[in-house]
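S.K.: Take a look at this one; I'll ask things after.
The values are calculated or read from the model by the stated rules, or taken from the named source; none is laboratory data. Please read all numbers here as calculations on a predicted model, not as lab measurements. All Cβ positions, glycine included, derive from the backbone under ideal geometry; neighbour counts span all protein chains shown.
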Amino acid sequence: MNKSKQVNKKSQIKIFDTTLRDGEQTPGVALTTEKKLELAHALTELGVDIIEAGFPINSEGEYEAVKKITKEVDTTVAGLARALKPDLDKCIQADVGLVHTFISTSPQHLKYQMNKSEDEVYELAVDAVEYIREHGIPCMFSPMDASRSDIPYLIKVCKGVERAGAQIINIPDTVGVMYPSAMKALVGKIREEIKIELDVHCHNDFGMAVANTLAAVEAGCNQVQVAVNGLGERAGNADLEQVVMALEILYGKKTNIKTQGIYPVSKLVERLTGIRVMPNFPIVGDNAFAHESGIHVHAVLKKPVTFEPIKPEMVGARRRLVLGKHIGVHGIEAKLKELKIKVNEDQLKEITKKVKDLGGLGKRIVEEDLIAIAEDVIGKTPKEESIVELIDITLETRLGEKPRSSVILKVKGVEKKAEERGVGPVDATLNAIKKALGEKNITLDEYHLDAITGGSDALADVTIRVGDGKRTTMARGVHEDVVMASIIAFINGINRIMKL
Ligand code: MN
């Protein structure tokens, strides 16, 4: 891929992704270098034009991560720096392809954050840009808190950095206080005065980050800053998925994004950050392409355009139809066939029974539930082949005490009992199973829980990785109860590992 993607068409908008910088500043999120690299590769694959990889002066670890990403990733990598020499030097050392330097221009920040005069800030901004340019590195300048700055002063700073050789000026709505018409007016005024590229960075404090970003594009910005799943400080940044799809579909603009990669990247970011998007989140939420009402389902099956503004495949997602609780064996059979899942007659009966049982509990059953149930039924080791079988379990959970679990297993036909405590009921049970087996080396290396349909009685889908020091295997368990789903997954894993 080309490191410097050219933007020659007026309708082309560049995507500046800040998931690894502002996104990583989401409260509770911290990514290891390994995870950052994985995401940087995925973003490159997705087609973003610039990846802001971090704030190198922040820590040695962050510096190393930015440096590594710059080296390994085949797209332009930006590093953030205050308009101070040590910050700029750290970015230069990290060998970034674009230095993103910033200083505040709002009266609030000048007075309370920096205690500096307008002239002092102007000097620092221009000096920083000159310093970066002396090193022959492209530079983007951000007047932080631009949306609360005095416009004549803001324009003076922008003109100064333009003269100093900046390639791009970013207009940040740092505290998310803009609304679309105000944003359009502000960017329009700057556009009249500034000839270099304009970029925009919007925060979602009033839920208008995406709308403000699009308004800035209307006023002449040709680059937008976004984060996957709308991550970022406080209420987050403008969401990549929504901005890209709105640009492409509603505005008829072009981006370099391969839109089919949007859903997979959103899922990757969920997994890496541990932050799930709301079900009703646009484009990538669980319900974005789900249909439940009979009228909608019927119409969508006949002609998707009736109730789908875009095709789910366009963003790499799938349409989800909610299965009714009155579905019978034939309905399930047809659905499984459509999903290309092969089952025998016994498995079909068992799957149907499970679906109906869940439906009877008033649960909403979607295709993914059906897939999970089917995989569970198909993947289950037949009883006669099981080395380890769970016969019984008793759990005791008391406030202020560690939960205790007693299990009875049948191991190669011999009954074994054990009792153990753990930090939670799952941990206690897994400890008890290990004790009953006499297998100290068995470890639970990964644990991933999906509550497929939401709610406290949701169908729990547990995927784990079990190892014994020599081998590891993935295993899965599905059950209405999270503890049971975990135990089923663990026992499936143990059976598989013992056969390896
Ligand atoms: Mn920000």
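S.K.: I need the full set of residues from the stretch 430-446 which are part of a loop (DSSP other than H, G, I, E, B) and over 34 Å from the mean Cα position of the chain (by Cα), in order please.
M.R.: GLY438, GLU439, LYS440
S.K.: Another question, if that's okay. State all residues of the stretch 207-231 that are closer than 19 Å to MET144 by Cα, buried (at least 24 other Cβ atoms within 10 Å of the Cβ) and in contact with a Phe, Trp or Tyr (Cβ under 8 Å, 6 or more places away or on another chain); if no residue qualifies, say none.
M.R.: Listed by number, the residues that qualify are ASN212, VAL224, GLN225, VAL226.
S.K.: Enumerate the pairs (first residue in the stretch 186-201 and in a helix (DSSP H, G or I); second residue anywhere and within 16 Å of the ligand (Cβ to nearest atom) and among the charged types (D, E, K, R)) with beta-carbon separation below 9 Å, excluding pairs fewer than 6 apart on the same chain, so at least 6 apart or on different chains.
M.R.: Every condition considered, the pairs that remain are LEU186/ASP173.
S.K.: Please work out which residue is surrounded by the most Cβ atoms within 10 Å (Cβ to Cβ), limiting yourself to the stretch 411-429 and to residues that are in contact (Cβ under 8 Å) with a residue 24 or more places away in the chain and more than 32 Å from the chain's Cα centre (by Cα).
M.R.: Taking the candidates together, the pick is VAL411.
S.K.: Where the second residue is surrounded by fewer than 19 Cβ atoms within 10 Å (Cβ to Cβ) and of a type outside the set (A, V, I, L, M) and the first is closer than 15 Å to VAL426 by Cα and lies in the stretch 467-482, which pairs have Cβ atoms under 6 Å and are six or more apart or on separate chains?
M.R.: Note: pairs meeting the criteria are ARG476/THR463.
S.K.: Test GLY160 against the stated conditions and say whether it is away from the ligand (no atom under 16 Å from the Cβ) and on the phi > 0 side of the Ramachandran plot.
M.R.: So GLY160 fails the test.
S.K.: So, one more: Based on what the data block shows, is ASP357 at pLDDT 80 or above, acidic (Asp, Glu) and at negative phi?
M.R.: Spelling it out, it is not the case that ASP357 is at pLDDT 80 or above, acidic (Asp, Glu) and at negative phi.
One line per residue, one yes/no per condition, for (1) under 14 Å from VAL187 (Cβ atoms); (2) crowded, with 16+ Cβ neighbours inside 10 Å; (3) without any contact (Cβ under 8 Å) to a residue 12 or more places away in the chain:
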position	(1), (2), (3)
ILE132	no, yes, no
ILE137	no, yes, no
PRO143	yes, yes, no
SER147	yes, yes, no
PRO152	no, no, yes
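S.K.: Need the failing condition index for VAL224 against (1) outside any loop (DSSP other than H, G, I, E, B); (2) under 23 Å from ASN212 (Cα atoms); (3) more than 16 Å from the ligand (Cβ to nearest atom), just the number.
M.R.: The number of the failed condition is (3).
S.K.: Restricting attention to the stretch 9-30, and to residues there that are away from the ligand (no atom under 16 Å from the Cβ) and more than 21 Å from LYS258 (Cα to Cα), which single residue is surrounded by the fewest Cβ atoms within 10 Å (Cβ to Cβ)?
M.R.: That would be GLY28.
S.K.: Out of all the residues in the stretch 174-185, which are assigned to a loop (DSSP other than H, G, I, E, B) and within 16 Å of the ligand (Cβ to nearest atom)?
M.R.: THR174, VAL175, GLY176, VAL177, MET178
S.K.: Sort out which residues of the stretch 90-121 are of a type in the set (Asp, Glu) and either under 27 Å from ASP150 (Cα atoms) or outside the structural domain of GLY79 (by TED's automatic domain parsing) (or both), and write them in order of number.
M.R.: GLU118, ASP119, GLU120
S.K.: With respect to ASP119, determine if the residue is closer than 22 Å to ASP199 by Cα and at pLDDT 95 or above.
M.R.: Answer is no for this residue.
S.K.: Across the stretch 192-206, what is the number of residues that are more than 25 Å from ALA235 (Cβ to Cβ) and either within 16 Å of the ligand (Cβ to nearest atom) or surrounded by 17 or more Cβ atoms within 10 Å (Cβ to Cβ) (or both)?
M.R.: Qualifying residue count for the region: 2.
S.K.: LYS340 fails exactly one of the following numbered conditions: (1) surrounded by 13 or more Cβ atoms within 10 Å (Cβ to Cβ); (2) within 30 Å of GLU45 (Cβ to Cβ); (3) at pLDDT 85 or above. What is the number of that condition?
M.R.: So LYS340 meets the others, but not (1).
S.K.: When the stretch 234-269 is examined, which residues are found to be within 16 Å of the ligand (Cβ to nearest atom) and either surrounded by fewer than 19 Cβ atoms within 10 Å (Cβ to Cβ) or of a type in the set (Lys, Arg) (or both)?
M.R.: Correct list: ARG234, ALA235.
S.K.: Is it true that ILE155 is within 16 Å of the ligand (Cβ to nearest atom) and either in the same structural domain as LEU231 (by TED's automatic domain parsing) or modelled with pLDDT under 95 (or both)?
M.R.: Considered against the rule, which asks whether it is within 16 Å of the ligand (Cβ to nearest atom) and either in the same structural domain as LEU231 (by TED's automatic domain parsing) or modelled with pLDDT under 95 (or both), ILE155 comes out as no.
S.K.: Examine the stretch 223-245 for a residue that is more than 21 Å from the chain's Cα centre (by Cα) and modelled with pLDDT of 95 or more, and state whether such a residue exists.
M.R.: yes
S.K.: Just a yes or no: is a residue in the stretch 70-79 over 26 Å from the mean Cα position of the chain (by Cα), modelled with pLDDT of 95 or more and within 22 Å of ILE169 (Cβ to Cβ)?
M.R.: No.
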